[in-house]
1. Taking the criterion of being assigned to a helix (DSSP H, G or I), surrounded by 15 or more Cβ atoms within 10 Å (Cβ to Cβ), of a type in the set (D, E) and in contact (Cβ under 8 Å) with a residue 12 or more places away in the chain, would at least one residue in the stretch B:75-88 satisfy it?
2. Can you work out which of the residues in the stretch B:3-13 that are touching an Asp or Glu at 6+ places or on another chain (Cβ under 9 Å) and free of Cβ contacts under 8 Å to residues at least 12 places away in the same chain is surrounded by the most Cβ atoms within 10 Å (Cβ to Cβ)?
3. From the list B:E93, B:E101, B:E171, exactly one residue is part of a helix (DSSP H, G or I), among the charged types (D, E, K, R) and surrounded by fewer than 12 Cβ atoms within 10 Å (Cβ to Cβ). Which is it?
4. Going by what's in this entry, would B:S44 be described as in contact with a helix residue (DSSP H, G or I) (Cβ under 7 Å, 6 or more places away or on another chain) and part of a loop (DSSP other than H, G, I, E, B)?
5. Could you tell me which of the residues B:D16, B:D20 is acidic (D, E) and either without any contact (Cβ under 8 Å) to a residue 12 or more places away in the chain or touching a Cys at 6+ places or on another chain (Cβ under 7 Å) (or both)?
6. Output the helices (runs of 4 or more DSSP H) that fall wholly within the stretch A:18-65 and possess 2 or more residues being at the interface with chain B (Cβ under 9 Å from one of its Cβ atoms) and more than 13 Å from the chain's Cα centre (by Cα), or say none.
7. Taking the options A:Q148, A:Q105, A:Q84, A:Q88, name whichever one is surrounded by fewer than 15 Cβ atoms within 10 Å (Cβ to Cβ) and either closer than 22 Å to B:P115 by Cβ or basic (K, R) (or both).
8. Sort out which residues of the stretch A:1-34 are polar (S, T, N, Q) and either touching a residue at least 60 places away in the same chain (Cβ under 8 Å) or within 14 Å of A:R137 (Cα to Cα) (or both), and write them in order of number.
Amino acid sequence: MPVTSANLIDQLAIAGEAAAPFEEVWRAIWNQPYVAAEILELCRLNLARLHRAEAELAIRMPLAQPLPEDKIASLLRENWMTDQRFSQVERAVLNFTEWYYISPQSIPDEVAGEVIAGLGESGFVALIEALGFIDGRIRIALIYSRIQD
Amino acid sequence: MAAVARVQAPQGQTGDPIRDSALGLVPETVDPIARLNRHAWRSSPVRASLLEIVRLRNARTVNCQFCKSVRYDLARRDGLTESKVDQIRDGYEQSALADDEKLALAFADAYLHDPKTISAELAARLKQHFTPAQLAHLAIALIAFNATSRCAVSIGGMPDNLPVMEITAPE
């Protein structure tokens, strides 16, 4: 089975005591009340696109309500900036995600400001935590896919 | 990097650097993240100095001033010197670092740059040198170090330089 952010724990449980809190963080970032899991799912798919992570793109996160597939297709065609199905907050978050992927140092104040305006300060922090762990799990899943070969 | 912090840490100090940072604005995640950080250091099948070398490589790549200035006490007690820290830079392959330290740095670099293109040769060496538990722990620790340092940089408001400071690994 391909390694993805969703099943990465199957590979990492062998680490021992750190594995349980690692999974606890994963559940917490998807369940916190400040950023909807459906918005995080858009971010996960956008990060998967940027990483060219085919296995990651093929899954839908069980911790989020399913998104319409035509909206996902629009996201993956990079139409989220103009597609009216994406809310203002979703656009602000996706724009932030792309800057974050390049480098957190490069994020312009106005890009971060739009996220804070839409999600509030706790939502901003919840988002950057989630991006860190989602992106990190995609990265390690890609490495473990090669280690499994 | 944002010169002024984009959000402020909550009032009240607990003494825990993670809980007292802006991450404390999300109480639902801050405790799990603090527990993960504790286990990354206290439950490691990898020696502390090797973990610290990986953490510092991440800190320098992400350019997190706080993370770059910190030295964990466990790592120093395990033999991490500033001379060794100086070698965690581009060109480390030709440094005097030990083979397992260079291999751990290559793992960190694969993660930090383009993980999809990790070479089959490096993947084989990682599997050969580290036990499955050690490699899994290194992966978990690297995700935690990277995610939290990118949080700090995304929030902003860090000074340009900080002196090296030793901190105690969380109990």
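Just so you know, all these numbers are worked out from the coordinates, no wet-lab data involved. Quantities reported herein were computed from a predicted structural model and do not represent experimental measurements. Neighbour counts run over all protein chains shown; Cβ positions are idealised from the backbone, glycine included.
1. Scanning the stretch B:75-88, I find no residue that is assigned to a helix (DSSP H, G or I), surrounded by 15 or more Cβ atoms within 10 Å (Cβ to Cβ), of a type in the set (D, E) and in contact (Cβ under 8 Å) with a residue 12 or more places away in the chain, so the answer is no.
2. By that ranking, first place goes to B:Q13.
3. Going through B:E93, B:E101, B:E171 in turn, just one is part of a helix (DSSP H, G or I), among the charged types (D, E, K, R) and surrounded by fewer than 12 Cβ atoms within 10 Å (Cβ to Cβ): B:E93.
4. Taking the combined requirement at face value, the residue satisfies it.
5. Matching residue, one of B:D16, B:D20: B:D20.
6. A:19-31
7. On inspection, the qualifying residue turns out to be A:Q148.
8. If the condition is that a residue be polar (S, T, N, Q) and either touching a residue at least 60 places away in the same chain (Cβ under 8 Å) or within 14 Å of A:R137 (Cα to Cα) (or both), then A:T4, A:S5, A:N7, A:Q11, A:Q32 are the ones that fit.
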